[in-house]
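Enquirer: Sharing a structure with you now.
Computed from the coordinates by the stated procedures, all read-outs in this text should not be read as laboratory data. Since this is a predicted model, take the numbers as computed values, not measurements. Using ideal geometry, Cβ is built from the backbone for each residue, glycine included, and neighbour counts are taken over all protein chains shown.
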Amino acid sequence: MKQECLQQLGVRQYVGPLTVALQELDGTFKHVLQIEGTHAKADIVCHSKSRRQKKKKIPLCTGEEVDMDLSVME
């Protein structure tokens with residue numbers, strides 16, 4: 001993540017926790033990243049496990065489920 005340093009009156013760069021929601025095959029997972037400056041880099045662990053199923057219902061953060069064909073994924 002990179003923040004542009006703008007020299008505008010009243011604009012400050014963000015420092016603190018940032019919550020990121022990722023949609024994975026097993027559902028939506030939230031990750032909290034700590035932002036400490038103009039550049040931040042973080043590794044995010046994947047929670048979804050590898051599946052051999054050809055079709056799977058994926059739960060979304062909205063509460064809906066969608067059918068997804070995983071046969072094209074390796």
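Enquirer: Within segment 1-47, restricting attention to residues that are over 27 Å from D69 (Cβ atoms) and of a type in the set (V, I, T), which residue is farthest from the chain's Cα centre (by Cα)?
Expert: Checking each candidate, the answer is V11.
Enquirer: So T38 clears everything in (1) touching a strand residue (DSSP E or B) at 6+ places or on another chain (Cβ under 6 Å); (2) surrounded by 10 or more Cβ atoms within 10 Å (Cβ to Cβ) except one condition, right? Which one?
Expert: Just one mismatch for T38, condition (1).
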